[in-house]
Amino acid sequence: MSEDGKLLAILRQSAPPEVADAIERVIHDAPDPELNRINALAFAARYGLDEEKTIAAFLHAARLGLFEMSWNVLCPGCGGVMDEGASLKSLTKEEYCCGLCAAGYEPTLDEMVEVTFTVSPRIRKIAAHEPDTLSVPEYLRQIFWSSGVDLPEDFESRIEEIVLDSIELPPGERVILSLQLPPAFVIVFDPVTHATQFIDVKGEPTRERQNLSMILTELAPENRTLQLQPGPVRLLLENHTKRRTLPAVWIADDPLHDLMGHRRPFLTAKRLLTNQTFRDLYRTDTLDVDQRLKITSLTFLFTDLKGSTELYERVGDLVAYDLVREHFRVLNEIAASESGAVVKTIGDAVMATFPTPDHAVAAALRMREAMRSLNEQRGQEDLLLKIGIHEGPCLAVVLNERQDYFGQTVNIASRVQNLAASRSIFATDAVVDNPGTRGIIETQGLRPMLKKTTLRGINSEFSVYEIP
């Protein structure tokens, strides 16, 4: 059996057959571009697969060596990839700059870092494994733009419409381009080094030749907009890097903005960090202990068992241990099925994260019902769950050798849980006011009750809702 056959057989032990079948088909039959920087959400949509099961399957496949994971820092403006690495450990800059947009961004894990999957060269060699062999359009499609940019089928002809001229420039070489500048905003851009020169072409047309030079280096210089007149220009380009560059002269008008303006969902670093399969497989492999990566919005759910000390005294250590362990198993399964993950357990308590408040509330309602079912099976009110939920910004960190979270949002979620009585779900207004949460509450006919209270460490009065 071939190496990929052996690994695919192992993958089938952990991935649903429909997802494993789809992965096997693309590895064997798909054209090269479809195996580079695979967008797991787009893959699931294309083949009619469940998103969470697809993400989990790709994570298992990457762990086996079928695919290589890439963590790409994206420009929110143009959707270009500003940096990439094999893990979040590569995100060491406080700010990332996009030459094409002339803007700097502080990295956050919400929508600025995507996670993609590329087939391993051991399994199948594709053109993107050697990006310096790609044509200009294919380099832009497969390397420069992220998987979140929904590029059209006629991408190559659209690029021809936008680009006045382009050249493949080998290392150490120089070239002169002679072209006519139209009255428009023009960008000289190299997607390899991200070197950029803006040119505002306006005024009276001229027949006199204008001159412009641009040196491509590994460190793109600060860009200042130049002003030229419509007419002939002599553009000198020098490649001072050790790899091939692809400088081109772009017209920055509606066709370019339309080309990069169509977006689609992609697998964010935030969503992956709160994925149970990822946490189980990768643990602390992704972050360094001294990293503090920002997340602008994450939802935290804390649970605790009421009267667990009395439970141990009433039924004995062995029975109580089995009950608590079963309760942990159920909570883990429910969190994972709602796109969440259990971050840690503290005694009989659980801390879980979810990408959005509606997933957390849906999980909380299911957890409460699951505990009710377990109690009915035993004929005893042994498992009385208290739940608190809050949403807000936080830091992704490594604490006690595990990937964890830090910040006031975490503290508030924990203290909101402390307000809850048995079978209570307490949530802040940030959670209840979420449109997705409101839809769940209305569908189930629930009426959250507002309670004004104070929380330890919070100076002002706090709005908390009890979800009956």
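Quick note: the coordinates plus some simple rules give every number you see, no bench work behind them. Because the structure is predicted, anything quoted here is derived from the model rather than measured. Cβ sites come from the backbone with ideal geometry, for glycine too, and all protein chains shown count toward neighbours.
Roughly how many whole Å is it from the C-alpha centroid of region 112-162 to that of region 425-468? Answer, in whole Å: 44. Skipping prolines and chain starts, which residues have an amide H placed within reach, meaning under 5 Å, of the one on ASP404, given they are 5 or more residues away or on another chain? Excluding prolines and chain starts, which carry no amide H, the hits are VAL397, VAL398, LEU399. Phi angles of region 184-199 translate, via the Karplus equation with coefficients 6.51, -1.76, 1.60 and θ = phi - 60°, into HN-Hα couplings of 7, 7, 10, 10, 8, 9, 10, x, 7, 8, 6, 5, 9, 9, 8, 9 Hz per residue; Gly and Pro are given as x.
Need one number: % antiparallel among DSSP beta bridges in region 150-303, to the nearest 5. In region 150-303, approximately 70 percent of DSSP beta bridges are antiparallel ones.
Considering only PRO182, CYS78, VAL136, and ranking their Cα positions along the charge dipole of region 41-188 that arises from unit charges at the beta-carbon of Lys, Arg, Asp and Glu, the one farthest toward the positive end is VAL136. The Cα atoms of the chain define a convex hull whose projected area, averaged across directions, is 27.4 nm². For region 1-119, a simple Cβ point-charge model (Lys and Arg +1, Asp and Glu -1, everything else neutral) yields a dipole of about 280 debye relative to the Cα centre. By the Cβ-Cβ criterion of under 4.7 Å, the unpaired cysteines of the chain are CYS78, CYS97, CYS394.
Name the helices (complete DSSP H segments) of the chain with a Cα length along the long axis of 24 Å or more and a Kyte-Doolittle mean of at least -1.0, or state none. Helices meeting the span and hydropathy rule in the chain are 317-337, 357-378. Per-residue Karplus couplings for region 125-142, computed as 6.51 cos²θ - 1.76 cosθ + 1.60 with θ equal to phi - 60°, are listed in order as 7, 10, 4, 5, 5, 10, x, 6, 9, 6, 5, 4, x, 6, 5, 5, 5, 8 Hz, Gly and Pro entered as x.
Once you sort the root eigenvalues of the Cα gyration tensor of region 168-304 as a ≥ b ≥ c, which label holds: rounded (a/c under 1.5), prolate (a/b larger than b/c) or oblate (the other case)? In terms of gyration-tensor shape, prolate. Its Cα gyration tensor gives region 3-134 an equivalent ellipsoid; the semi-axes, largest first and in whole Å, are 28, 16, 13. Computed from phi, the 3J(HN,Hα) profile of region 385-398 under the Karplus parametrisation 6.51, -1.76, 1.60 (θ = phi - 60°) reads 9, 10, 10, x, 9, 8, 10, x, x, 6, 10, 8, 9, 10 Hz, with x in place of Gly and Pro. Using +1 at the C-beta of Lys and Arg and -1 at the C-beta of Asp and Glu, which of ILE412, LEU236, ASN39 has the Cα lying farthest in the positive direction of the dipole of the chain? So the residue furthest toward the plus end is ILE412. Distances between placed amide hydrogens fall under 5 Å for SER422 paired with no residue 5 or more residues away or on another chain. Net charge dipole, the chain: roughly 960 debye, given to the nearest 20, about the Cα centre with Cβ charges of +1 for Lys and Arg and -1 for Asp and Glu. Ignoring lysines fewer than eight residues from LYS452 along the same chain, the ones with Cα atoms less than 27 angstrom from its Cα are LYS306, LYS386. Classify region 123-200: rounded, prolate or oblate, from the alpha-carbon gyration tensor (a ≥ b ≥ c, eigenvalue square roots; a/c under 1.5 rounded; otherwise prolate if a/b is larger than b/c)? It is oblate, given that a/c is not under 1.5 and a/b is not larger than b/c. Checked against a 29 Å cut-off, the cross-linked pairs LYS93/LYS202; LYS53/LYS294; LYS270/LYS344 give Cα-Cα distances beyond that limit for LYS93/LYS202.
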